[in-house]
1. Any residue in region 71-100 that's farther than 13 Å from Ala125 by Cα and in contact (Cβ under 8 Å) with a residue 60 or more places away in the chain: show its pairings with residues that are open to solvent by less than 20 Å² (accessible area, probe 1.4 Å) and acidic (Asp, Glu) at Cβ separation under 6 Å, as long as the two are six or more apart or on different chains.
2. Kindly indicate which of Leu378, Leu333, Leu349 is touching a residue at least 40 places away in the same chain (Cβ under 8 Å), surrounded by 19 or more Cβ atoms within 10 Å (Cβ to Cβ) and part of a helix (DSSP H, G or I).
3. Looking at (1) out of contact with any Gly (no Cβ under 6 Å at 6 or more places or on another chain); (2) without any contact (Cβ under 8 Å) to a residue 60 or more places away in the chain, can you tell me which one Thr355 breaks?
4. Taking the stated definitions as given, is Gly422 on the phi > 0 side of the Ramachandran plot and either of a type in the set (S, T, N, Q) or out of contact with any Leu (no Cβ under 8 Å at 6 or more places or on another chain) (or both)?
5. Starting from residues that are open to solvent by less than 10 Å² (accessible area, probe 1.4 Å) and not in a loop (DSSP other than H, G, I, E, B), keep the ones in region 398-416 and report whichever is nearest to Ile108 (Cα to Cα).
6. Are any of the residues in region 129-141 more than 21 Å from the chain's Cα centre (by Cα) and aliphatic (A, V, I, L, M)?
7. Is one or more of the residues making up region 188-205 small (Gly, Ala, Ser), modelled with pLDDT of 95 or more and out of contact with any helix residue (DSSP H, G or I) (no Cβ under 6 Å at 6 or more places or on another chain)?
8. Any idea which residue in region 320-330 is nearest to Arg399 (Cα to Cα), counting only those that are in contact with a Phe, Trp or Tyr (Cβ under 8 Å, 6 or more places away or on another chain) and surrounded by fewer than 24 Cβ atoms within 10 Å (Cβ to Cβ)?
Amino acid sequence: MTEFIPENRVQQGKLPDDHDLFVTVRRHAWKATALAVAVLASACGTTPASAPASPGINPSTPAGAETFKANILAFGDTGYDYDWLEADDYEDPLDARTYIVGELDDWIEDNMPIQEFRLSPFHFAEQTGGWVPASGMWPVARAIQDWCASPDRCDFGVMLGDNIYPSGATVGADGRDDAARFDDLMNKPYIGLQEQDEDFVIYPVMGNHDWETSREGAEAQLAYLQASPLYRMDGFWWKSEPVPGVEVFGIDTTLLLSAFEEPEYAFADDGTPVHTGEIDEADPWTVPRGAERDQVAWLAKALAESDAHWKIVIAHHPLWSGSGGKYEQAKVLREQLYPALCRYADMFLAGHEHTLEVHMDDCRDGLGQPDDRPLMTLVSGAAGKQRALHSTFMDYLDRTYPQKETLYARGQVWGFATLELGEDEAEVTLLAIPDDGSSAIDEVFTHRFKRRSGRDAGALTQASP
């Protein structure tokens, strides 16, 4: 069953009381009708109703005490702060009217159902003199610290990439100090976790924004993470045993994907992706070099040789997601990673999409036949920014890929995820944070699933190449 919640409320900043806005919007003809209703409601001081977050699947806990337990904090796409905005925000600050119309234009360009249009929270940045998307970095960071303050809730954390917006470390290219950038975006928000528990460590991976300026910038962030007592990251890809019995394998999917062409596409009215004939070229410094080309083989070997009770793979780019913009990337990753993931891994955790999602995949593409213990794939990329779900694209995925089951998907939300590992089962929990900037925590979804590793490998049939 799919839990689809287009959660898109205007909480920060009121729409301008400007009737010229409607003249601008009318050029979109019939598609603007729903927007006009939303704008009028906001101008009158009311907020359009939106679907509440309903609970997810909550099976009862199996009888009998478990002998194994570990708790993981999972969050991504964190480092978005008003003191570190894009150059365009300074050069061309947007008034509220222009900002809102731009959001509508983007929605229509992506051919998303206009009746679902809502504005994510937006904020007037004194730093630039213009309106920008609101940041959830500090509200989520405070909520994470509050959550982990309770005993036995957080043994360690994983940070799922895009740790620094807009363009990672710059090594001085933007005239600003990377040391200050690292402190503001990676140390200050989360150091409280280690102040609560001196043994708490975050295991990060890099995202595409962390690579955006240069290879030197990505290497500078890696050097910072290697030196920081709060973080542990041995390289662009790595493996580690944070607690006994749990092994985490971090991979760099920006490097992996840069070796493949990424066709650009638009969406038909029914959500079907249609190739435009254009190719999105990777930045040359992200193209893998030397041993970086062997990441997939390294992961397969490391998973196969691991004797950990739980084997967790983390990366930035997801295998399944509902926003639509990462369709080609996800196809490549499934083709490259599923032979190893489906045979040896218990779950795959990612960010990139600024959403909260849980998908189950029966692994028929990786094993040649469906597995009765599907692979849980998590998207937890809502710790700083928000993004809407594309409902007709999600319908396309449901029609086209019977191996995937979407258990929960929520867009335009801030939040994070936790995982509680037991002897033979785990429970994933998604937690949402209000749009008003407070740090209240709403447990919106939980789901229990079976451990996949440790079974007789001979019972699994690997798909032929």
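The values are calculated or read from the model by the stated rules, or taken from the named source; none is laboratory data. This structure is a prediction, so every number in the text was calculated from the model and none was measured. Glycine also receives a Cβ, built like all others from the backbone with ideal geometry; neighbour counts cover every protein chain displayed. Quick note on the areas: whole protein, heavy atoms, side chains included, nothing else; ligands and nucleic acids left out. Shrake-Rupley method; radii C 1.70, N 1.55, O 1.52, S 1.80 Å.
1. Matching pairs, first to second residue: Asp77/Asp162.
2. Details: Leu378 fails: part of a helix (DSSP H, G or I); Leu349 fails: part of a helix (DSSP H, G or I).
Step by step, each of Leu378, Leu333, Leu349 is checked, and only Leu333 is touching a residue at least 40 places away in the same chain (Cβ under 8 Å), surrounded by 19 or more Cβ atoms within 10 Å (Cβ to Cβ) and part of a helix (DSSP H, G or I).
3. Tallying (1) out of contact with any Gly (no Cβ under 6 Å at 6 or more places or on another chain); (2) without any contact (Cβ under 8 Å) to a residue 60 or more places away in the chain, Thr355 fails exactly one: (1).
4. no
5. Gly411
6. No.
7. no
8. Only one residue fits best here, namely Tyr327.
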